[in-house]
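Everything on this sheet refers to the single structure shown next.
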Amino acid sequence: MQTLYLSADDPGCAETAAAIIRRGGLVALPTETVYGLGANGLNEAAVAGIFEAKGRPQDNPLILHIAAPEEMNTICQNIPSSAYTLAKAFWPGPLTMVLPVNGLVPKRTTAGLDTVAVRCPDCAITRDIIRLSGVPIAAPSANLSGKPSTTTAEHVRHDHDGKIDAIVDGGPCRVGVESTIVDLTEDRPRLLRPGGITPEQLVEVLGDLVIDKAVTAQIDKDAVVRAPGMKYRHYAPQEPVVIVAGSREKAAAYIRRHYAPGDRVLCFQEELPLYDGCNPLAYGAEEDVNSLSAGLFAALRELDDPSIGQVYARCPTGGGVAYAVQNRLKKAAAFHIVNAEEEA
Ligand code: TXA
Ligand code: MG
């Protein structure tokens, strides 16, 4: 198939993309977080096409994207008041809520769960496309399953050219890591995936938050987890990644001692001079955590190269958006972390 390339600035872009969605096709869409691979979330066959294009395991449910907060009533039931509170505070924006699903949403979309993940993205062209298509759009991150997420239309072209109907180019994604996911179906709100809406912001609005263990530790692939996607190896280049924690100087000394030709160093802009001769790649500036989240996946994709031996990665510390960056990098490293303050 020939993939149609649309620019978000083209007049008629939204109508063309919406027409493809309405007839059951696949359209890659920009959002503020990452590009999604979209289809009519109420159409089983269209949703099956997403799983096939990504090579996604069937037990991993999809997020439904809506054009306006009040549309959650069309796909959910028994919505708790906390959902309205969060929608008012953070939608449109990088927040996904897990809520009780109603009978309209096919099992293929929810992977048979009695809940559905819902998000209203902060991206005007994509909200226009959802509105004009008249249905909620199911969209996982547009990367091939297991690979780093797509934050530009070029990343999507690389993974899906000739295999999907269209790609809407809305420029690079502002946030760069996927949305924060909060499960609101238990007594206490539970963070399933950190993202652009920080734990601190959620606690401020909700007064309470449980951090799911899948956020902080490696989950066995046979484990029963609340966010099925959390147990799969994720975001990862082909070669092993190790996070080197500790001060700038100690980390550089450790990495320079262990570096072998063919290895790469994924570091902060401020650290580039410390890694002369070690083929460093900066993904953003440590003093600007938003640049780190925006640049992380493009860097991990660049490092997804079979000729690379090993990647030594530097990870920001602290809360806020840094918490989401840590989560993605730790997953890319399969939680392999050395502390340069202690290791020789
Ligand atoms: O920022 C984002 O959320 C992007 C953009 C495109 O919106 N989408 C995204 O989708 O990251 P995906 O499929 O790559 O990640 C969705 C995660 C998966 O880990 C999945 O298991 C989880 O959400 N999920 C989906 N439905 C769920 C549900 N009902 N209960 C718990 N987790 C769910
Ligand atoms: Mg994904």
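I'd like to check something: does region 211-222 contain any residue that is under 29 Å from Val101 (Cα atoms), in contact with a helix residue (DSSP H, G or I) (Cβ under 6 Å, 6 or more places away or on another chain) and not in a helix (DSSP H, G or I)?
yes
Exactly one condition in (1) assigned to a helix (DSSP H, G or I); (2) at pLDDT 75 or above; (3) surrounded by 15 or more Cβ atoms within 10 Å (Cβ to Cβ) is false for Val244; which is it?
For Val244, the failing item is (1).
Return a yes/no flag: does region 150-157 have any residue that is small (Gly, Ala, Ser), in contact with a helix residue (DSSP H, G or I) (Cβ under 6 Å, 6 or more places away or on another chain) and crowded, with 18+ Cβ neighbours inside 10 Å.
No - not one qualifying residue is present in region 150-157.
Take Asp212 and tell me if it is within 30 Å of Tyr84 (Cβ to Cβ), within 23 Å of the chain's Cα centre (by Cα) and assigned by TED's automatic domain parsing to the domain that holds Thr115.
Taking the combined requirement at face value, the residue satisfies it.
Name the residues in region 104-163 that are of a type in the set (Lys, Arg) and assigned to a loop (DSSP other than H, G, I, E, B), would you?
Hits for region 104-163 are Lys147, Lys163.
Taking strands (runs of 3 or more DSSP E) that do not extend beyond region 1-80, which have at least 2 residues that are open to solvent by 10 Å² or more (accessible area, probe 1.4 Å) and among the aliphatic types (A, V, I, L, M)?
4-7
Among the residues in region 121-138, are any hydroxyl-bearing (Ser, Thr, Tyr), more than 16 Å from ligand 2 (Cβ to nearest atom), under 24 Å from Ile20 (Cα atoms) and outside the structural domain of Gly284 (by TED's automatic domain parsing)?
yes
Kindly establish whether Gly229 is small (Gly, Ala, Ser), part of a loop (DSSP other than H, G, I, E, B) and either closer than 25 Å to Glu32 by Cβ or touching a residue at least 60 places away in the same chain (Cβ under 8 Å) (or both).
No; evaluated as a whole, the condition is false for this residue.
Determine, yes or no, whether Arg190 is closer than 12 Å to Thr31 by Cβ, charged (D, E, K, R) and surrounded by fewer than 23 Cβ atoms within 10 Å (Cβ to Cβ).
When the stated conditions are applied, Arg190 does not pass them.
Would you be able to tell me the number of residues in region 326-344 that are under 25 Å from Arg301 (Cα atoms), in a loop (DSSP other than H, G, I, E, B) and open to solvent by 20 Å² or more (accessible area, probe 1.4 Å)?
So the answer is 3.
Checking the structure you have, find out if any residue of region 70-91 is among the aliphatic types (A, V, I, L, M) and under 17 Å from the mean Cα position of the chain (by Cα).
Scanning region 70-91, I find no residue that is among the aliphatic types (A, V, I, L, M) and under 17 Å from the mean Cα position of the chain (by Cα), so the answer is no.
Any residue in region 104-114 that is in contact (Cβ under 8 Å) with a residue 12 or more places away in the chain, near ligand 1 (Cβ under 9 Å from one of its atoms), open to solvent by less than 30 Å² (accessible area, probe 1.4 Å) and under 21 Å from Pro30 (Cα atoms)?
Checking region 104-114: at least one residue is in contact (Cβ under 8 Å) with a residue 12 or more places away in the chain, near ligand 1 (Cβ under 9 Å from one of its atoms), open to solvent by less than 30 Å² (accessible area, probe 1.4 Å) and under 21 Å from Pro30 (Cα atoms).
If you scan region 115-144, which residues turn out to be farther than 27 Å from Cys13 by Cα and open to solvent by 10 Å² or more (accessible area, probe 1.4 Å)?
The answer is Thr115, and nothing else.
The values are calculated or read from the model by the stated rules, or taken from the named source; none is laboratory data. Not measured: the values here are computed from a predicted model. Please note: Cβ atoms are built from the backbone with ideal geometry, for glycine as well, and neighbour counts cover all protein chains shown. Surface areas here come from the heavy atoms of the whole protein model, side chains and all, with no ligands, DNA or RNA. Shrake-Rupley method; radii C 1.70, N 1.55, O 1.52, S 1.80 Å.
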